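Working notes, structure below.
FYI, it's all coordinate maths here, none of it is from the lab. Note that the structure is predicted; figures quoted are calculated from it, not measured. So basically every Cβ, Gly included, is an ideal-geometry build from the backbone, and we count neighbours across all protein chains shown.
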Ligand SMILES: *Cc1c(COP(=O)(O)O)cnc(C)c1O
């Protein structure tokens with residue numbers, strides 16, 4: 001039986017005994033939040049006690065009593081997830097349950113008798129929510145409006161920024177996001193990220209800070225570290241890097257001197273900017289030797305990588321990338337690093353969620369360093385992390401702070417901790433498996449429509465469509481898809497002959513769509529739209545029509 005939190009002010013005290021009696025008779029456990037006499041108090045304090053319990057799950061439902069009900073109802077409905085209403089008859093209470101799923105009943109001590117209060121509460125307890133499609137849809141709309149109410153005060157303070165955020169919210173709702181490096185975080189992650197922890201300076205590490213007042217951010221950072229260790233089976237974790245790039249920078253700076261040799265997959269083959277691109281610090285400060293995929297099957301050729309490593313004797317080998325759709329063989333990378341006398345760093349930025357969810361092998365037992373973002377398949381806030389062997393812990397921590405960064409972003413650390421907790425739940429494994437299943441189906445369906453995929457398909461969440469083979473450029477293809485409400489990105493394909501601003505590829509990923517609950521049938525539908533758009537890239541009328549269809553389709557899959 002659910003527990004009920006009950007709160008009242010002095011004006012509601014008069015009908016309280018009748019309600020307690022009713023609840024006791026029903027054998028319902030009551031969390032009585034007070035007040036316990038008729039001395040004047042502030043109703044808002046009691047509304048808060050009760051609603052916090054309902055929102056965080058300590059109580060299943062709540063009852064609030066005051067003089068007229070108005071103040072309590074206003075206060076209660078400020079809590080998202082609370083549906084409070086003042087009821088003055090049993091019929092209103094029953095309809096409020098069945099139609100509106102009232103979870104906080106508000107009663108007016110000055111207007112109804114104790115007997116009436118008990119009868120109203122009994123009707124409210126006895127009536128289930130009818131769960132019908134019409135009522136459920138309306139309630140879901142209320143919850144989704146919550147995403148806008150989170151920023152409602154910003155609307156008054158700064159209408160321009162507010163308008164941009166509202167615009168983006170609507171864009172999320174009405175488009176299909178296939179950007180492989182993006183995801184939609186949970187409301188819990190957003191709340192942590194938007195919290196007061198942004199106010200706190202905490203240079204240093206938990207228990208060893210330069211500033212006072214770090215008790216709670218110490219708790220947050222310790223939680224993030226412990227959860228990340230549990231999630232990935234790590235010896236040591238640093239959760240302070242602001243992003244994936246600074247995580248990579250920290251490993252390079254901790255272990256290498258400028259001019260040392262790093263071997264990594266080049267950007268145009270599927271690597272990342274920080275893997276040695278000449279326009280990035282990595283390419284400017286270190287001697288980069290790039291490895292490629294094989295021209296034959298567009299997959300990594302480990303024998304060739306080994307021969308290259310033995311020839312150039314790198315200090316560090318980097319495995320991982322941003323546009324490589326196939327499973328990485330970390331065992332083989334470890335063996336190559338050992339033979340070449342190199343350290344091994346795995347950059348799992350894209351696949352961290354797949355690794356956490358058990359659908360891609362883990363590099364953690366094999367690599368000296370594992371770096372990651374937390375915002376791609378891992379579905380956390382925009383940030384980074386470093387995992388390393390215990391023997392490198394001090395060198396890494398010292399390099400992150402004070403070597404590269406000042407104060408950590410503890411609101412983001414909190415959001416990372418929430419993300420790791422979510423990823424530790426059993427249903428995250430289902431999520432990760434569904435991402436991969438969706439990517440497979442999308443890849444098969446696109447192949448079925450005649451498109452060539454780099455390496456023939458995917459083992460992960462992402463795929464590279466060789467639109468050059470269909471006579472298009474990546475740039476034109478991505479722009480046409482965008483006009484149709486399908487958001488991906490142009491991307492170089494291995495051995496691309498076009499400039500990086502034009503390219504011959506489009507990169508697509510399924511992590512965001514999977515978060516919205518889209519599955520294999522939706523992937524086929526999306527592939528159909530993609531094929532239609534790409535087969536007629538200059539037909540703008542078609543794009544407008546598909547844009548409308550996509551908006552209706554997308555709205556049916558709620559963004560968290
Ligand atoms: C996304 C990505 C990064 C960098 O992430 P930022 O947070 O944008 O700095 C690093 N490495 C790889 C392989 C990536 O895909």
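Assorted remarks:
- Backbone N within segment 103-129 under 20 Å of label point (7 Å from residue 25 Cα along the Cβ vector): 105-109, 112-128
- For the peptides 367-378, 481-492, the ranking by packing is 367-378, 481-492, with the highest mean count of neighbouring Cβ atoms within 10 Å listed first.
- Its relative contact order, with pairs defined as Cα atoms under 8 Å and 6+ residues apart, puts the chain at 14 percent.
- For the peptides 550-560, 234-244, the ranking by mean Cβ contacts within 10 Å, running from highest to lowest, is 234-244, 550-560.
- For the chain, the longest principal axis of the alpha carbon atoms and the long axis of helix 133-149 meet at an angle near 70°.
- Counting only DSSP H runs of at least 4 residues, each contributing -39500 (n - 2.57), and dividing by the residue count of the chain, the helix-based mean residue ellipticity at 222 nm comes to -14000 deg cm²/dmol.
- FRET E, pair residue 55, residue 210, Förster distance 60 Å, beta-carbon r, rounded to 0.05: 0.95
- Segment 331-449 shape via C-alpha gyration tensor axes, a/c threshold 1.5: oblate
- Short-range pairs are left out: with C-alpha atoms under 8 Å and at least six residues apart, the relative contact order of segment 254-334 is 35 percent.
- Taking the number of Cβ atoms within 10 Å of each Cβ as an exposure proxy, the fewest-first ranking of 534, 310, 139 is 310, 139, 534.
- Förster radius 30 Å - calculated FRET efficiency between residue 188 and residue 482, Cβ distance, rounded to 0.05: 0.50
- For 36, 401, 333, 232, order by how many other beta-carbon atoms lie within 10 Å, fewest first: 36, 401, 232, 333
- Prolate/oblate/rounded label for segment 433-560 (Cα gyration tensor, a/c 1.5): oblate
- The distance between label points at residue 525 and residue 40 comes to 5.9 nm (points 7 Å beyond Cα on the Cα→Cβ vector).
- Computed over segment 427-555, relative contact order equals 29 percent, with contacts defined as Cα pairs under 8 Å that lie 6+ residues apart.
- For the listed peptides 517-525, 416-424, 431-439, a ranking on the average number of other beta carbons within 10 Å per residue, highest first, reads 416-424, 431-439, 517-525.
- Square roots of 5 times each gyration tensor eigenvalue, C-alpha, the chain, largest first, Å: 51, 30, 19
- Cβ-derived FRET efficiency at R0 60 Å, residue 331 paired with residue 70, nearest 0.05: 0.35
- The long axis of helix 90-100 is offset from the longest Cα principal axis of the chain by roughly 10 degrees.
- Rounded tilt (10° steps) of 244-255 against the dominant C-alpha axis of the chain: 50
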